[in-house]
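K.L.:
Before I ask anything, here is the structure I am working with.
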Amino acid sequence: MDRILVTGGAGFIGSNFVHHLVARTDARITVLDKMTYAASREALAALPAERVSLVVGDIADAAVVDPLVAAADAVVHFAAESHNDNSLQDPSPFVQTNLVGTFTLLEAVRRHDVRYHHISTDEVYGDLELDDPARFTEATAYNPSSPYSSTKAGSDLLVRAWVRSFGVRATISNCSNNYGPWQHIEKFIPRQITNLIDGVRPRLYGAGLNVRDWIHAEDHSSAVLRILERGAIGETYLIGADGERNNLETVRLILRLMGHDENDFDHVNDRAGHDLRYAIDSTKLRTELGWAPSFQDFEAGMAATIDWYRANEAWWRPKKDAVEAAYLAKGQ
Ligand code: NAD
Ligand code: TDX
């Protein structure tokens, strides 16, 4: 695979994956990104121009997508509207990008017989009870809760249909919650870190007992590359690093690492339809493809992430007021 098209490569995880490809392969990479509010050119700025080029365009625009797919050996599809809270305010761009955009890419890879990897989320499986010992596996039934997760679930089902009906050479991965550098400050962990830098108390939805299964974005990238290189066509792989903890524990860890009392946070309005718990069983990926995560010390990963947000205030500062104003208007 000499030429790889990465959609959403200017976003949080997509940009991490582009860095990963540059470091671990000889591929030339084209990023196709609409440069929405969630994208950053800065995340790609350090990369060599002879290896990485950026095309600004919409994955739902077939005229843009078709020649880029025709020129690629593989497509890795990260582009999405990615934030649950935004999907509750206005589902429309989620339907357009996550469903129509994926459909547009699938039609192009079908036309040109190009290998395709589809990035998805564990949220397609809905949620688990807090006291349920089970974790999600590749056999868990789809049961999404939000406009975001239902459009991601729909996009996965389109991929499965294009594999079965048209013989598209695709794989799918469903990953748990990512953290690390370049994550938009609308998301839970960077929102609390940047609040504390601003002297504002962290804000926990509801009681804070909801469990998320955290993985470092770098481990997500290494798993995706492994699946791209060795995954079996038509298969789904769950990606997770055994990182379950509830939001209350995560907020307390951030407070402690940033030198505050662990109780210096506020409970705010809960999210509508808030999923209780996500948990990934990644046995298939580990045993069949020999993948293992590198970042297993969540506290060390969090400390490095805090350092990164402290050092990169110029990147997030211009976004902060608008993000907080939108949350405060909802009592969050
Ligand atoms: P992000 O919001 O940080 O980045 C999304 C990128 O997609 C942005 O650069 C944006 O400009 C681009 N984009 C949006 N609409 C587009 C369009 N119509 N055409 C072209 N580009 C468009 O998201 P992220 O957190 O990096 O997530 C990337 C992918 O990983 C998504 O598919 C998401 O569902 C999936 N995922 C995310 C997580 C997580 O914890 N963040 C976990 C599992 C899976
Ligand atoms: O201020 C907050 N306070 C709070 O308690 C915010 C922004 C969130 N939360 C809670 C809600 C969730 O239980 O923290 C948890 C994590 O919230 P998000 O960062 O919004 O992530 P989540 O909704 O779990 O979805 C994420 O993981 C799966 C990504 O945004 C998705 O793109 C991915 O598919």
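The values are calculated or read from the model by the stated rules, or taken from the named source; none is laboratory data. From a predicted model like this one, the values you see are computed outputs, not experimental measurements. Every residue, glycine as well, gets a Cβ built from its backbone with ideal geometry; the counts of neighbours run over all protein chains shown. Keep in mind that these areas ignore ligands, DNA and RNA; they rest on the heavy atoms of the full protein, side chains included. Shrake-Rupley method; radii C 1.70, N 1.55, O 1.52, S 1.80 Å.
K.L.:
Hey, if we sort Leu209, Leu289 by accessible area with the 1.4 Å probe, largest down, what's the order?
P.N.:
The ranking, largest first, comes out as Leu209, Leu289.
K.L.:
Further, regarding this structure: Along the charge dipole of the chain, Cβ charges K/R +1 and D/E -1, which of Trp162, Gln296, Thr36 sits furthest on the positive end?
P.N.:
So the residue we want is Trp162.
K.L.:
In terms of solvent-accessible area of protein heavy atoms at a 1.4 angstrom probe, what is the ranking of Lys34, Lys320, Lys330, Lys187, highest value first? Each step should come with its number before you reach the end.
P.N.:
Numbers: Lys34 110, Lys320 5, Lys330 60, Lys187 35 Å².
Order by accessible area, largest first: Lys34, Lys330, Lys187, Lys320.
K.L.:
Using only Cα atoms, tell me the angle between helix 147-166 and the longest principal axis of the chain; keep it within 0 to 90° and round to the nearest 10.
P.N.:
20 degrees
K.L.:
What list of ³J(HN,Hα) values in whole Hz, one per residue of the stretch 70-76 in order, does the Karplus curve 6.51 cos²θ - 1.76 cosθ + 1.60 (θ = phi - 60°) give from phi, with Gly and Pro shown as x?
P.N.:
4, 8, 10, 8, 7, 10, 10
K.L.:
While we're on this one: Over 18 Å, how big is the tail of the calculated P(r) for the stretch 168-302, in percent of all Cα pairs? Before the final figure, lay out each step's value.
P.N.:
On the way: 5249 of 9045 pairs.
Summing the P(r) tail past 18 Å for the stretch 168-302 gives 58 percent.
K.L.:
Which order do Ser146, Ser165 take by accessible area at a 1.4 Å probe, largest first?
P.N.:
Ser165, Ser146
K.L.:
Hey, another quick one. When the accessible area of the chain is computed with all protein chains present and a 1.4 Å probe, what percentage of it is carbon and sulfur?
P.N.:
50 percent
K.L.:
Rounded to whole Hz and in sequence order, give me ³J(HN,Hα) for the stretch 214-226 from the Karplus expression 6.51 cos²θ - 1.76 cosθ + 1.60, θ = phi - 60°, writing x for Gly and Pro.
P.N.:
7, 9, 6, 4, 5, 6, 4, 4, 5, 5, 5, 5, 4
K.L.:
If amide hydrogens are placed 1.01 Å from N in the peptide plane, which non-local residues have theirs closer than 5 Å to the one on Asn178?
P.N.:
Ile215
K.L.:
Follow-up. What angle, in degrees between 0 and 90 and rounded to the nearest 10, separates the Cα long axis of helix 247-257 from the longest principal axis of the Cα atoms of the chain?
P.N.:
That helix lies at roughly 70 degrees to the long axis.
K.L.:
Using protein chains only and a probe of 1.4 angstrom, how many square angstrom of His19 are accessible, to the nearest 10?
P.N.:
So the heavy atoms of His19 present about 70 Å² to solvent.
K.L.:
Under the rule of at least 5 residues apart or a separate chain, name every residue whose amide H is placed under 5 Å from the amide H of Val76.
P.N.:
Leu5, Val6, Thr7, His117
K.L.:
Which value, in debye to the nearest 20, describes the size of the charge dipole of the chain about its Cα centre when Lys and Arg Cβ atoms bear +1, Asp and Glu Cβ atoms bear -1, and nothing else is charged?
P.N.:
My answer is approximately 680 debye.
K.L.:
Run lengths n ≥ 4 of DSSP H only: what is the helix-derived mean residue ellipticity at 222 nm for the chain, with -39500 (n - 2.57) per run over all residues, to the nearest 500?
P.N.:
Theoretical 222 nm ellipticity from helices: -12500 deg cm²/dmol.
K.L.:
Would you work out the charge dipole size for the stretch 116-164 about its Cα centre, treating the Cβ of every Lys and Arg as +1 and the Cβ of every Asp and Glu as -1, and quote it to the nearest 20 debye?
P.N.:
With Lys and Arg at +1 and Asp and Glu at -1, about 400 debye.
K.L.:
Provide the gained length on full extension for the span Thr287 to Trp315, in nm with one decimal, where the gain is 0.36 nm per separating residue minus the Cα-Cα distance. Show your work: numbers first, answer last.
P.N.:
On the way: separation 28, 0.36 × 28 = 10.08 nm, distance 3.92 nm.
Result: 6.2 nm gained on full extension.
K.L.:
Report, by chain and number, residues whose modeled amide H sits under 5 Å from the one on Trp291, excluding near sequence neighbours (fewer than 5 apart, same chain).
P.N.:
Residues meeting the criterion, in which the H sits 1.01 Å from N, are Arg286.
K.L.:
Can you give the accessible area per residue of the stretch 155-219, in Å², using a 1.4 Å probe?
P.N.:
Each residue of the stretch 155-219 exposes 30 Å² on average to a 1.4 Å probe.
K.L.:
How high is the relative contact order of the stretch 100-247, in percent, counting Cα pairs under 8 Å that sit 6 or more residues apart?
P.N.:
28 percent
K.L.:
I'd like the distance separating the alpha-carbon centroids of the stretch 52-99 and the stretch 109-181, in whole Å.
P.N.:
Value for the Cα centre distance between the two parts: 16 Å.
K.L.:
Taking the 0 to 90 degree range and rounding to the nearest ten, how far is the long axis of helix 12-24 tilted relative to the main principal axis of the chain, both from C-alpha atoms?
P.N.:
60 degrees
K.L.:
Please work out how much accessible surface Asp132 shows to a 1.4 Å probe, ignoring ligands, DNA and RNA, in Å² rounded to 10.
P.N.:
Looks like 50 Å² after rounding.
K.L.:
Only Cα pairs within less than 10 Å get springs; with that Gaussian network setup on the chain, which residue of Gly167, Gly231, Gly240 has the largest fluctuation?
P.N.:
Comparing Gly167, Gly231, Gly240 in a Gaussian network model of the chain, the most mobile one is Gly167.
K.L.:
A follow-up question, please. Tell me, what HN-Hα J-couplings in whole Hz come from the Karplus equation 6.51 cos²θ - 1.76 cosθ + 1.60 at θ = phi - 60° for each residue of the stretch 184-198, using x for Gly and Pro?
P.N.:
Residue by residue, the stretch 184-198 yields 4, 6, 6, 7, 3, 5, x, 5, 6, 4, 6, 4, 5, 4, 8 Hz.
K.L.:
Another one. Where the only charges are on Cβ atoms (+1 Lys, Arg; -1 Asp, Glu), what is the dipole of the stretch 180-332 about its Cα centre, to the nearest 20 debye?
P.N.:
320 debye
K.L.:
Okay, next question. Test of understanding: extend the Cα→C-beta vector of Thr137 to 7 Å, then name every residue of the stretch 231-275 with backbone N under 16 Å from that spot.
P.N.:
Of the residues in the stretch 231-275, 236-240 have backbone N under 16 Å from the label point off Thr137.
K.L.:
May I pose another question? Which of the lysines could a cross-linker span from Lys34 if the Cα-Cα distance has to be under 19 Å and same-chain partners fewer than 8 positions apart are dropped?
P.N.:
Partners found: Lys152, Lys319.
K.L.:
Assuming 0.36 nm per residue, please report the length gained on full extension of the stretch Thr25 to Val200 beyond their Cα-Cα distance.
P.N.:
58.8 nm
K.L.:
Related question: Between His274 and Val95, how high is the FRET efficiency from 1/(1 + (r/R0)^6) when r is the Cβ-Cβ distance and R₀ = 25 Å? Nearest 0.05.
P.N.:
0.75
K.L.:
For a test of the definition: using alpha carbon positions, the gyration tensor, and the 1.5 limit on a/c, classify the stretch 97-181 as rounded, prolate or oblate.
P.N.:
It is prolate, given that a/c is not under 1.5 and a/b is the larger ratio.
K.L.:
Would you kindly find the accessible area of Tyr327, with a 1.4 Å probe and non-protein molecules such as ligands, DNA and RNA excluded, rounding to the nearest 10 Å²?
P.N.:
10 Å²
K.L.:
Still on this structure: Write down the accessible area per residue of the stretch 1-151 in Å², having rolled a 1.4 Å probe over the full set of protein chains.
P.N.:
41 Å²
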